[in-house]
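Undergrad: Supplied in C-alpha cells, the structure appears directly below.
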Amino acid sequence: MMNKAPSLVLLALVLLQGCGGENPATPGAAAPAASAPADVAQGPAPAAAPPATESKFQDLQGQPLELSAYAGKKVFLNYWATWCAPCIREIPAITRASAELEDEGYVFLLASDESIDTINEFILDREFSGNFIKLSKFFGAWNIQAVPSSELYDENGNLVVTWNGAYEWDSAEMLDAIRNGTPVELSTGQ
C-alpha cells in the first residue's frame with residue numbers, strides 16, 4: 001500500500017498540471033473567483049465581461065447590476081438588512097431624500113445581502129418603495145463592516161464618502177452632507 005500512495009499523488013499532480021492555464025466557468029463555483037488575481041498577474045486579462053455571478057449587485061429579478069450603469073449620476077448606496085431595526089427606521093428618510101435630490105442627478109440604491117425572495121417579501125410587507133437591490137455576496141466579502149452604512153459615489157464612480165450608522169437622511173443637515181459629500185458625526189441621541 002505504501003508504494004501506491006506516491007503514485008496516486010504523482011498522478012493527481014500530473015492531472016492538475018494538465019488543467020493549468022485553463023479557467024473554465026463553472027456555475028456556482030467559488031474557487032475560480034479566488035484564483036483570478038493570480039491569473040491576471042501572470043498574463044493579460046481577457047477582455048470579456050465578468051460572469052453574472054461575479055457582479056457586485058443584482059436587481060430584484062436576479063440580473064447583474066454594477067454602479068457603472070449609473071455613470072453620469074451621483075450614487076447614494078445604503079447597505080441595510082431586514083433584521084436591522086436602525087436600517088428599517090431610516091428607509092423612509094432615504095426615500096424622501098431620494099425624491100428631494102432626484103432632480104439634482106442623484107440615484108439612491110438600497111443593497112442587502114439577503115436573498116431576493118427575502119428582500120421582496122420585506123418590501124411588500126412594509127410597503128416600502130425605492131431602488132432596492134441585492135448584494136451578490138455577504139457584506140463581509142465586500143469589506144462592509146456594519147449596517148446600516150452608506151456610501152456616496154460621484155458621477156465617475158469614485159467613492160466620495162462613507163457614513164456608518166443610521167441618519168435622518170432627509171434632514172437639512174444630511175441633505176447638505178450628501179450634496180457636499182462630507183462626513184458627519186452621529187449624535188448621541190440616535
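Undergrad: Just to be sure I understand the model, the point goes 7 Å from the Cα along the line to the Cβ. What's the resulting N180 to N143 distance in nm?
TA: Modelled inter-label distance: 2.7 nm.
Undergrad: Note the full-extension length gain between E121 and N164 as 0.36 nm times their separation in residues minus their Cα-Cα distance, in nm to one decimal.
TA: Residue separation times 0.36 nm, minus the Cα-Cα distance, leaves 12.9 nm.
Undergrad: Please list the non-local residues whose amide H lies under 5 Å from the amide H of A111, H modeled 1.01 Å from N, same-chain partners needing a gap of 5 or more.
TA: Placed amide hydrogens put N78, Y79, W80, I133 under 5 Å from A111.
Undergrad: Which order do you get for D103, D176 if you rank them by accessible area with a 1.4 Å probe, largest at the top?
TA: Ranking D103, D176 by accessible area, largest first, yields D103, D176.
Undergrad: At a Förster radius of 30 Å, what calculated FRET efficiency corresponds to the Cβ-Cβ distance of R96 and K73, to the nearest 0.05?
TA: Approximately 0.95, to the nearest 0.05.
Undergrad: Counting heavy atoms of the protein chains only and a 1.4 Å probe, report the per residue accessible area for the range 88-150 as a whole number of Å².
TA: 51
The values are calculated or read from the model by the stated rules, or taken from the named source; none is laboratory data. Quantities reported herein were computed from a predicted structural model and do not represent experimental measurements. Here the Cβ is made from the backbone with ideal geometry for all residues, glycine too, and neighbour counts use every protein chain on show. Only protein heavy atoms, including side chains, enter the accessible area calculation; ligands, DNA and RNA are left aside. Shrake-Rupley method; radii C 1.70, N 1.55, O 1.52, S 1.80 Å.
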